[in-house]
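Read the structure below first, then the notes.
We did not get these values from a lab; they are worked out from the coordinates using the rules stated. Computed from a prediction, not measured in an experiment: that's the story for all the values here. Virtual Cβ from ideal backbone geometry, glycine too; neighbours counted across all protein chains shown.
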Amino acid sequence: MLSFFEKTFPHGVHPPTHKSKTQAKPVRRLPFAPELVLPLSQHFGKASTSLVHAGQEVVRGEPLAKADGFMSVPLHAPATGTVDRIELMRTARGPKTEAIVLKVHPGAAQEVLYDLPQEISKMTQEELVDAVQETGMVGLGGASFPTHVKMRVPEEHQVDTVLVNGCECEPYLTTDHRVMLEQPDDLLAGIRIAMRTVGAKKAVIGVEDNKLDAVKEIRAVLPQDDSISIQTVPTKYPQGAEKMLTKAILNREVPSGGFPSAIGVSVFNVATLAELGRLLPHSRGLIERVVTVTGPGVKKPGNYLVALGTPIRFVMEYAGFNGGAGQLILGGPMMGQTAASLDVPITKGIGGILVMTEEDASKRPHTVHPCIKCSSCVKACPIQLNPSYLGMLAHKREYTVMADKFNLFDCFECGSCSFVCPSGIPLVQYFRIAKAVLKN
Amino acid sequence: METVEVRTSPHVHGAPSVATIMRNVVYALLPICIFATYQFGLSAVALIIVTTLACIFTESFFNRISGTSDSLGDFSAVITGVLLALTLPPGFPLWMAAVAGFIAIALGKKLFGGLGFNVFNPALVGRAFVQAAFPVAITTWTPSLTAARFTEFIPSTLTFPFAVPAAVDQWNAQVAVDAFSGATPLALSKFENIPTDTFLLLFGTTAGSAGETSALLILLCGLYLIFRNMLDWRIPAAVLLGAFLTEEAFHLFDSARFPDPWFMLFSGGLMLGAMFMASDMVGSPVTPVGVWIFGLLIGFLTIIIRLFGGLNEGIMYAILLGNAASPLIDAATQPRVYGVTEAKIFGKKVD
Amino acid sequence: MTTNTSAAHSEVKLKSQPDSMDTFLRGIWQDNPVFVMLLGMCPVLAVTNSVVNALAMGIASLFVLFCSNTLVALLRNFIPKQVRIASYIVIIATFVTVVDYVIQAISLDLYNALGAFIQLIVVNCIILGRAEAFASKNKVGAAMLDALGMGIGFTLALLCLGGVREILGNGTFLGISLFGENFQAWSVMILPPGGFFVLGAWLLLFNWLKERKDMKALSPDLQLAETKN
Amino acid sequence: MATDSMMFVFLNACIINNFVLSSFLGICPFLGVSGKLSTAWNMGLATTFVMFVSSLCAYGINLLLIEFQLEFLRLICYIAVIASAVQLVEMTLKKFSPVLFRALGIFLPLITTNCAILGLALFQTFREYNFLQSVAYSLGAGAGFTLALILMAGLRERLQLSDVPNVSQGAAMSLMLAGLLSLSFMGFAGLGN
Amino acid sequence: MTVSANNNSESSGQQKKSETPPPVQNLPSNTVMIRALGGIATIAGVIIVFVFQFTQPYIAENKRRAIEKAIYQVVPGAVNRTSYLLNEQALMLETEFNESESSGSSTVSQVSTETIYAAFDASGKLVGIAMEAAAQGYQDVIRILYGYSPECECITGISILKSTETPGLGDKIGTDLKFLANFIALDAKLNQEKTALLNPIETVKHGRKTADWQIDSISGATVSSNAIGKMLRESTKKMLPLLIKHLHKIIKS
């Protein structure tokens, strides 16, 4: 009903947010783990190529790997130490990938030595894109898409607005919230860089209305000329999805299979821009990030600034378990992945560690009923797909029909349909399988 | 903590399970059953018990012979049984009620593979079958609130299996409070042009099927489910709206011949059908527009059958026809997908 | 030696006998036009509301099938390929007209009960189908046997339906009351939905029997396969 | 509603005594072509069209036969006329509307043996409908056939995505569905009183 | 040797017959086709005509017997009958009509004409008139024959000619004795001017019959009962005033 008056997108769901545990906790730096694991592929695109060899000493902030082409980003050393080895290591994504293992020098000062101020206002758009690539920046919201790629607008498109995504609609996570509260100036700097790079005259920050303190904080530093504004949107999942945000704030729809730049929009996450605004003027690299560690299975929930490559086990030991065999989710509960092992490292795309107890896990439906056509999923799907019918098709392995007639590939796996399904059908999993089968 | 469970997202679930929803539907039907008992006494109780048991036994019988897992836990068979009883005349012979229960589950549900795969509302399949099989018994009504209702059965209730039920004409005349006892408000209106007070219809002291008489009670029970978010409010709303608008049009055209729309809304099984049977999820469309079309169609057909058909009640057939049409409605009303400009009808691209 | 010849003799006999018997029996069971081939469904559903109607319809169809099959087989070398369908339809329509008049002459009540479905025998796919698939390629004798088999199979199927529908729907068989006055008839069986339901139920029954047979047949096969391995 | 009004004749053939579900005409294509919605829709259109044409032809032929007192040749004439009408329709379509021909083409030969067409011609003769009533009757029958066909196709398409037990798959299921549809259409019985 | 020679001569002869090659292939087969179809049509024609001739008397007899049975059922005491045609202009014998029709001097064929059957008893006295009536019932059109007695100015009986009413419910209109008793002497008096019925026939709810012109309907089969009442009401309204006007003709003959 309220959607008539408020700026939002149709459909969506309202999972309980569970943010109160951590949203008031300032970001605290986590100590360095004795050993850091740095996979060469922490981003969407080609893996970077290593610049170091085993036994080499590196200084915090020094590049460890360089980008392999345009669809790739470099990797910087999160701590001063010695390269122990380069070998296949387990990562959160599952398969083992090549990673640099760094032994941290216990007593080192851990100051960032690679610091070279640069004059941003004199750089061209091309130079800016290259500079962004040099920071190793990727989307910190979870997708890990190289930021500089997003910033290079295709020639046929003209971007007029930069949308800054401060929604953080995933339950439990509060990293973006804390960043907005604590680094409003960095954020503004980042927004200006983004605007210059994509050639937009306007920027809008979209924040869900459960983070009004952050709105207030940002509003205080906004420029007078209205080029950058802030807009509250209703708290609803998946408000933070790129497509949903453009619909909600600008009432524009990203074409199916296309990029936001086709409708004159570039969307960046607040944490990404804040980090960019902090790093780029000094041409530093991305070496640490804020991670929310929370969930019923954690003793000291909070927002931690964690050096990339820190093993999750180390983070968990610091934050404390409540005990009991549960489930470990990297990211939010709606779209995050379960970690197969505690030995995987924190990478650029991990914004949260969520520990569920066994009790929580058992609350989920364990028997799958047939679809009763209740239409809950249809009412939930933000893309207006028909998950009910897609699910039935998937059940009968009619994958081609799903793609040809029912727009399977527009699904971005937000999980809303599975969340509301009373029959407990793992719809998103079905769709992932269907997509995977079709892609092969 | 060492044994972490690997699962795909989403990792939280926010909806009541099928069994929970179904259980709540049963709760919502209970007051209606109690009212039916208050109104029609022993016969109504026996009727509800017999249809429910018939449904449960049929369900477990087919589960056993087809080797599928136990599906009684989802309560859907119980709902079918109770709903079926509520749509039958209170004096309906018990053996016929058992037949209806068997047909409802066997033909209406198990034939298609069980809950979720059925295309018609099982309770209505059962009722439509006995309506066609035993047309006399199912149109034999008895008066409500008779004095001895808690001590004796309606004579036709205890008919010997496969035998013709005893005539209730004499019994009706004996227990009748007024001249029209035993005739349903719709029949009175249609065949004799005698209106019934809307107040009576709301509180349900009229004759009729066991559970359809009190429109107000049904409305309240339906609202309970709607507020618990276990019933799609759009379907009952659309059915009632469709019926109201159709009847209003006829009423404006000739108010002497066609009764006023409020009468139509509160009489007969419209309220029960709209709240608990049209809204049955399995047989209704899933698309946002489709749901409204479905409801309006049912409302429209109900009134057309009531006014011009051979029967004085049409909600049952209207819902069955709606069920039959719902795949078509779904196919024709697929919503426009975000970011897709061309519309698709019946899965085909349309410019 | 003697035993050998007699064995050979009996073998020949066995071989020749089943051939004609097979033609006849196939239509009744293995290739039953209604239950297996699902042909000629319209009369099957429409006129089986009583055994008498079913029987009359069955015999009428049998007659038309027999006559047209015979005539088609007789004329099979005389009819050019290009006009065969037209010729068959004319032949069939002729015999249907004959049946139509004969039934009118026998009993007007029966004629009224069967309605237009007597005339609709013309478009019953079984008859054209047998003329095309069998009679046009076989000798007269075989064609007659085939027609008899198919016709009897069709009639039996009609009786299966008519019997159930009349017994349940009216409490009678061939008009004779079975359960006495007090039996509550299930009028749905006589109504159109009943036709669909009863035929559907027969098919379900056959499906179920087949499934069970397959399951039983499967197990020895599996054992065989295992021993081979 | 007067029983001889065009509206009533139309509704009677379409829903009250639906050709397929209540009069059992055209069962073979009903069971055979109702597997897919798009096919069913095209088949329905083609049949309606042929019904219309052959009903007109049958009306004319019947007048001629009565004039010359040759009623005993009615059946043979009707079947010949329908077969030629189908052929004619096919040729006309091919020439004037290739698009429609491609859509309906493969169904046209099937229609010749559709007993709904001959049944329509025979029924309209038995009921002694006049010209306009015949038109209404043929259109009603066609609409009824199409309606039954697409409803069935919709249901069957949905059931293809269901876990239907092995025993009830195939023709048995189709017949049961037809029975349930027929049961639902009984609600229209007595319409028009 | 001879065989091959024969073959040769035949093929050469064929080639000589015509100069243009393509029709050579078609011409004989066309003849064959026409001959085949013609032959089959002839056989068909012979069979049909033969059977038609043979069965016609039986069919006519069956039809006559059926209609007479119905007439004698609805007009008690009748043993004989004559068919008349009645319309707004005239009443004439069916036989007369057929003659005038064939001679081309038809006067009645322009307006809607109903067949009525005058029924006589053994002494040749007119005991009643039987007429057809029809109306839409529950399932389809119901057609009945009803008898009217000019003497008592009442309907004396009905007989169902065609009905597809629900078995066990609507079809009771032809079997339910209590219902049929309504029509033993159903009042159908005309008014003074003989232009309309004094009391139009009406159907009332089961058990509420109070007047002679009312039909007590079958419990549970209201629609079918109503249909009978409706068809009688409409038929009597239209036919009786006409009939009375011409009644003297029948009595005289």
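Placing dummy labels 7 Å off each Cα toward the beta-carbon, the span from C:Glu132 to E:His248 is 6.8 nm. Calculated mean residue ellipticity at 222 nm for chain B: -17000 deg cm²/dmol, from DSSP H runs with n ≥ 4 weighted as -39500 (n - 2.57), summed, divided by the residue count and rounded to 500.
For the stretch A:376-439, lysine pairs with C-alpha atoms less than 19 angstrom apart, excluding pairs fewer than eight positions apart on the same chain, total 5.
In debye, nearest 20, what is the charge dipole magnitude of the stretch B:18-335 about its Cα centre with +1 on Lys and Arg Cβ and -1 on Asp and Glu Cβ, if you could check? It would help to have the intermediate numbers written out before the result.
Numbers: 11 positive and 17 negative charges, 115 e Å.
For the stretch B:18-335, the charge dipole is close to 560 debye.
Using the Cβ of A:Lys211 as centre and a radius below 9 Å, the other residues enclosed give a net charge of -4, where K and R count +1 and D and E count -1. Straight distance only, please: which aspartates and glutamates reach the Cα of A:Lys21 with their own Cα at less than 20 Å, same-chain residues fewer than 8 apart left out? By straight Cα distance, A:Lys21 reaches A:Glu168, A:Glu170, A:Asp176, A:Glu182, A:Glu208, A:Asp209, A:Asp213, A:Glu317, A:Glu358, A:Glu359, A:Asp360.
Considering only B:Ala256, A:Gly12, A:Leu438, the residue lying farthest towards the positive end of the dipole of the protein assembly as shown is A:Leu438, judged by Cα position with unit charges set on Cβ. For the protein assembly as shown, a Kirkwood hydrodynamic radius built from all Cα pairs, placed in the Stokes-Einstein relation at 20 °C and 1.002 mPa s, yields a translational diffusion coefficient of 57 µm²/s.
Each label point was placed 7 Å from the Cα along the Cα-to-Cβ direction; for A:Val59 and A:Glu111 their separation is 1.0 nm. Over chain A, dividing the summed -39,500 (n - 2.57) contributions of all DSSP H runs of at least 4 residues by the number of residues returns a 222 nm mean residue ellipticity of -7000 deg cm²/dmol. Placing a pseudo-label 7 Å from each Cα along the Cα-to-Cβ vector at A:Glu119 and C:Asp31 gives an inter-label distance of 9.6 nm.
Of the residues B:Phe129, E:Trp213, A:Pro311, the one whose Cα sits farthest toward the positive end of the charge dipole of the protein assembly as shown, with +1 on the Cβ of Lys and Arg and -1 on the Cβ of Asp and Glu, is A:Pro311.
You can think of it this way: the chain between A:Val221 and A:Lys21 has 69.3 nm of extra reach, that is 0.36 nm per residue less the Cα-Cα gap.
Please list the helices of chain C that count as membrane-span-like by this rule: a mean Kyte-Doolittle hydropathy of at least -1.0 together with Cα atoms stretching 15 Å or more along the helix axis, each helix being a complete DSSP H run.
On the way: long enough: C:2-28 (38 Å, -0.61); C:51-74 (34 Å, 1.99); C:84-106 (33 Å, 1.73); C:140-170 (42 Å, 1.35); C:192-228 (54 Å, 0.00).
Within chain C the helices that satisfy the rule are C:2-28, C:51-74, C:84-106, C:140-170, C:192-228.
To the nearest 0.05, how large is the calculated FRET efficiency for A:Thr82 and A:Glu317 if R₀ is 22 Å and r is the Cβ-Cβ distance? Result of the calculation: an efficiency of 0.45.
Could you calculate the FRET efficiency of C:Arg212 with C:Leu159 from 1/(1 + (r/R0)^6), where r is the beta carbon distance between them and R0 is 25 Å, rounded to 0.05?
On the way: r = 25 Å, r/R0 = 0.98.
For R0 = 25 Å, the calculated efficiency reads 0.55.
How much length, in nm to one decimal, is gained on full extension between E:Lys162 and E:Ile34, taken as 0.36 nm per residue of separation minus their Cα-Cα distance? Don't skip to the answer; put the middle values down first.
On the way: separation 128, 0.36 × 128 = 46.08 nm, distance 4.42 nm.
Result for the pair: 41.7 nm of gain on full extension.
Considering only the other residues whose Cβ falls under 12 Å of the Cβ of B:Leu265, what net charge follows from Lys and Arg at +1 and Asp and Glu at -1? Residues near B:Leu265 contribute -2 overall. Sorted on the mean count of surrounding Cβ atoms within 10 Å across their residues, most packed first, peptides E:144-150, C:137-143 read E:144-150, C:137-143. Net charge near A:Ala200: determine it from the other residues with C-beta under 12 Å of the C-beta of A:Ala200, scoring Lys and Arg +1 and Asp and Glu -1. Neighbour charge sum, excluding A:Ala200 itself: +3. Summary value for the stretch B:205-284: 39 percent relative contact order, contacts being C-alpha pairs under 8 angstrom separated by 6+ residues. In straight-distance terms, cross-link reach from A:Lys122 covers every one of the aspartates and glutamates whose alpha-carbon lies under 16 Å from its own, apart from those fewer than eight places away in the same chain; here that gives A:Asp130.
Applying a threshold of 30 Å to the alpha-carbon distances of E:Lys209/E:Lys238; C:Lys137/D:Lys36; B:Lys110/E:Lys205 flags C:Lys137/D:Lys36; B:Lys110/E:Lys205 as lying beyond it. Checked against a 18 Å cut-off, the cross-linked pairs A:Lys7/A:Lys211; A:Lys103/A:Lys299; A:Lys66/A:Lys96; E:Lys69/E:Lys178 give Cα-Cα distances beyond that limit for A:Lys103/A:Lys299; A:Lys66/A:Lys96; E:Lys69/E:Lys178. Taking the Cα centroid of the stretch A:243-310 and of the stretch B:287-346, what is the distance between the two, rounded to the nearest whole Å? Cα centroid of the stretch A:243-310 versus Cα centroid of the stretch B:287-346: 45 Å apart.
Taking every DSSP bridge with both residues inside the protein assembly as shown, close to 75 percent are antiparallel. Put simply, when C:84-92, E:41-49, D:23-31 are sorted by average Cβ atoms within 10 angstrom per residue, most first, you get D:23-31, C:84-92, E:41-49.
Between A:Glu35 and A:Phe70, the FRET efficiency from the beta-carbon distance, with R0 = 35 Å, is close to 0.65. When the alpha carbon gyration tensor of the stretch B:67-195 is reduced to an equivalent ellipsoid, its three semi-axes come out at 32, 16, 13 angstrom, largest first.
For the stretch D:1-118, the convex hull spanned by the alpha carbon atoms encloses 128 Å³ per residue.
Would you compute, from DSSP H runs of 4+ residues alone, the mean residue ellipticity of chain D at 222 nm, taking -39500 (n - 2.57) per run and dividing by the full residue count, rounded to the nearest 500?
Numbers: 9 runs with 135 residues, N = 193.
After summing the helix terms and dividing by the residues of chain D, the value is -23000 deg cm²/dmol.
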